[in-house]
Amino acid sequence: MTDLPAKPVKKPKRVLPERFVPYKGVWVFIEHEHGHVHPVSWELLGKGRELADKLGVDLAGVLIGAPDPKINALIDDAAAYGADLCYLMQDQVLHDYRNQPYTAAITTLVNTYQPEILLLGATTQGRDLAGSVATTRLTGLTADCTGLEIDLSDRSLLSSRPTFGGSLMCTIVNLATRPQMATVRPRVMPMPTRDPSRKCRVIEHPLELAEDKIVTKVTSFIPDSKADKPQLAFADYIVAGGRGMAKPENFDLLFNLAKTLGAEIGASRPAVHAGWADNERQVGQSGKTVRPKLYIAAGISGAVQHRVGMEGADVIAAINVDANAPIFQFSNYALIGNALEILPALQTAFARRLARTRARLAAESATNGKENA
Ligand code: FAD
C-alpha cells in the first residue's frame, strides 16, 4: 500500500485514420411529404451549419422524392436555412415513403459522395430510415441526440444523449466507421434564421431501382387525422400539469389558463398515466420535446426525464408547494405555493393584462385610422 496519489491516465491523442480521409461534408436528410417539410430538417440544417463550419466543409441537404417541379422551392428553402448544396434524387418509386427505396436512395448517395456526417430527424420516418441506412452501410448510429459537437483532433462527431433511463448523459463517438450518423428529435435544436438571399448548388443523381424489385406497395394515402390538431412540439405557450394537480378535475384550471393565454396543455408522465391528459400531451424523455416561449409547470417536480423535454423553453415558470423541488433549480420564475390557488390567480392577472393591451391596441389603431382618413 502507498499513499502516493494515482498518476493521471494519459489519454492517447486520436488522429483521423487514413481510410476516413475521403469522407467529407455534413449532410442533413430533408424529410418532406406531400409538399410539407418536417421543420426538424431546418433545425438540423442550423446545427449542421455549425458542425460544417468547424470542420471546414460543405453542408448539404439530401432531397429525395418523385419528380416534381415544386422541389425547386425546397432547394431554395434548404439554401436559406444554410445548405451549400443539395443532393437531389428524383424517381417515381420515391413518391411515397417506403423503407426499401428510400434506404437504397440514401445508401447510393452515401456510397457515391461519401459524407463524414449524416443527420436525420428522430421522427417516425427518420428513425425508420436511419436504422436501415446504418445497417446497410454497417456504420454507427446514435439515436435521439440532445447535443452534437466536433472533436477536431480526428474530426469525430460527439453525440450526446440521456442514458440509463435519463439519469446520466453520455457522449458517443464512432471511431470505426463512416459516415457518423445521428438522429435528433424535433425542437431539440433551435430553428436557424432564414436568409432568403443564400443560394446553393444542386447535384442530381439517378436511382437505379425498378418498381417490381420493391416488395411493399402503397395502395392509398390516408392523411393523419391528427395532422390538423395543434402540435405541442411547436406551441409557443404551454401550461403543463403533473401529479401535484391531484385529480382530473383540477386539470380544468390548466385548461382555463391555457385558453386565456392561447396556450397548449402539457403533462408529466404520471399525469398522463392517471388519464388526466392524452398521451400526445406528455412532455419529456418518453414524450414530446418542446421549445415554447413560455412553459408554466404546475405540480411538476422537475425529474430529469421531464426536464430533458422542456428545458429548451425561453422562460420557465414553476408552481410548486415544495420550495426545494428540483424544478426550481432550472426555472426562471419560482411560484412557491398551492397550484390550485395560484393558477386561477394567474389566469385573472393575465386576462386583465391582455384586456388592457387589446384596448390600447384598438385605441391606437382607431387614432391611426382617423389620421390616415
Ligand atoms: P412528482 O415527481 O410526484 O411531483 C409532483 C410535484 O407536485 C411535487 O414536487 C410536489 O411538491 C408538487 N405538488 C404537490 N401538490 C401540489 C400543489 N397543490 N401545488 C403545487 N405543487 C404541488 N416523466 C415525464 O414527465 N415525462 C417523461 O417523458 C418521462 N419519461 C420517463 C422515462 C423513463 C425511462 C423513466 C424511468 C421515467 C420517466 N418519467 C417521465 C417519470 C419521471 O421520472 C418522474 O417520475 C415524473 O416526471 C414525475 O412527475 P411529476 O413531477 O408530475 O410527479
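The values are calculated or read from the model by the stated rules, or taken from the named source; none is laboratory data. In this text the structure is predicted, and so the values were computed from the model without any measurement. Positions of Cβ are backbone-derived with ideal geometry, glycine not excepted, and every protein chain shown enters the neighbour counts.
Observations
- Condition check for Ala60: outside any loop (DSSP other than H, G, I, E, B), buried (at least 19 other Cβ atoms within 10 Å of the Cβ) and among the hydrophobic types (A, V, I, L, M, F, W, C): yes
- Counting residues in region 24-37 that are out of contact with any Asp or Glu (no Cβ under 6 Å at 6 or more places or on another chain), assigned by TED's automatic domain parsing to the domain that holds Ser156, in a loop (DSSP other than H, G, I, E, B) and free of Cβ contacts under 8 Å to residues at least 12 places away in the same chain gives zero.
- Qualifying residue in region 211-222 (condition: within 30 Å of His95 (Cβ to Cβ), among the small types (Gly, Ala, Ser) and without any contact (Cβ under 8 Å) to a residue 60 or more places away in the chain): yes
- Failed item in (1) in contact with a helix residue (DSSP H, G or I) (Cβ under 7 Å, 6 or more places away or on another chain); (2) within 25 Å of Thr289 (Cβ to Cβ), with Thr103 passing the rest: (2)
- Per the listing Ser301, Ser331, Ser268, the residue uniquely surrounded by 22 or more Cβ atoms within 10 Å (Cβ to Cβ), farther than 19 Å from Val40 by Cβ and within 8 Å of the ligand (Cβ to nearest atom) is Ser268.
- When Thr146, Thr135, Thr124, Thr163 are checked against the criterion of being modelled with pLDDT of 95 or more, among the β-branched types (Val, Ile, Thr) and assigned by TED's automatic domain parsing to the domain that holds Val37, Thr135 stands alone in meeting it.
- Residues located in region 311-328, provided they are at pLDDT 95 or above and either hydrophobic (A, V, I, L, M, F, W, C) or crowded, with 22+ Cβ neighbours inside 10 Å (or both): Val315, Ile316, Ala317, Ala318, Ile319, Asn320, Val321, Ala323, Ala325, Ile327, Phe328
- Count of residues meeting criterion [among the charged types (D, E, K, R) and either near the ligand (Cβ under 10 Å from one of its atoms) or in contact with a Cys (Cβ under 6 Å, 6 or more places away or on another chain) (or both)] in region 271-290: 1
- Residues that are more than 6 Å from the ligand (Cβ to nearest atom) and either of a type outside the set (Val, Ile, Thr) or in contact with a Phe, Trp or Tyr (Cβ under 6 Å, 6 or more places away or on another chain) (or both), drawn from region 310-326: Met310, Glu311, Gly312, Ala313, Asp314, Ile316, Ala317, Ala318, Ala323, Asn324, Pro326
- Residue-level check: of (1) within 27 Å of Ala143 (Cβ to Cβ); (2) more than 7 Å from the ligand (Cβ to nearest atom), Lys293 misses just (1).
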